[in-house]
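Visitor: Here it is, the structure, as structure tokens.
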Amino acid sequence: MALGLLLLDLFSIALISRGLTAIVGFFVASLAYRGYRRNDSAKMRALAVGIALLTTGVFVAVGLADVAGAGTGLILFVRGLVTVAGLGVVLYALVVD
């Protein structure tokens, strides 16, 4: 019984941690988007999208896949796809002139 409560607490802590990461990431992405709007910089827009995908996008995609009843393998695959997309957009923001 105590082990079940411990696992529930660890699950809750992990969910809160992921949620907090998504919220802070969304805040950072919104600041980058404000920079895009102020300076009309496509690089800042791409950076905002990349950060949002890496943080909030992963949280939402994994949550939706989990609610849909996807298995662990599919959830990890979705998480990997969104992460690679986010990193690709950040790379674009840093490299392309």
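The values are calculated or read from the model by the stated rules, or taken from the named source; none is laboratory data. In this text, all values refer to a predicted model and were calculated from it rather than measured experimentally. FYI the Cβ positions are ideal-geometry reconstructions off the backbone, even for glycines, and counts take in every protein chain you see.
Visitor: Yes or no: D40 of a type in the set (D, E) and either modelled with pLDDT under 90 or surrounded by 15 or more Cβ atoms within 10 Å (Cβ to Cβ) (or both)?
Guide: Against the criterion (of a type in the set (D, E) and either modelled with pLDDT under 90 or surrounded by 15 or more Cβ atoms within 10 Å (Cβ to Cβ) (or both)), D40 does not qualify.
Visitor: I need every pair where a residue in region 61-73 that is on the phi > 0 side of the Ramachandran plot and exposed (fewer than 15 other Cβ atoms within 10 Å of the Cβ) has its Cβ under 6 Å from the Cβ of a residue that is modelled with pLDDT of 95 or more and among the hydroxyl-bearing types (S, T, Y), sequence separation at least 6 or different chains.
Guide: From region 61-73, no pairs qualify.
The rows are residues; the columns are (1) assigned to a helix (DSSP H, G or I); (2) among the β-branched types (V, I, T); (3) under 11 Å from the mean Cα position of the chain (by Cα).
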position	(1), (2), (3)
A29	yes, no, yes
A48	yes, no, no
G69	no, no, no
L74	yes, no, no
T83	yes, yes, yes
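Visitor: Let me ask you something else. Going residue by residue through region 2-15, is there one that turns out to be touching a helix residue (DSSP H, G or I) at 6+ places or on another chain (Cβ under 7 Å) and assigned to a helix (DSSP H, G or I)?
Guide: Taking region 2-15 and keeping what is touching a helix residue (DSSP H, G or I) at 6+ places or on another chain (Cβ under 7 Å), we get none.
Within region 2-15, none of the residues are touching a helix residue (DSSP H, G or I) at 6+ places or on another chain (Cβ under 7 Å) and assigned to a helix (DSSP H, G or I).
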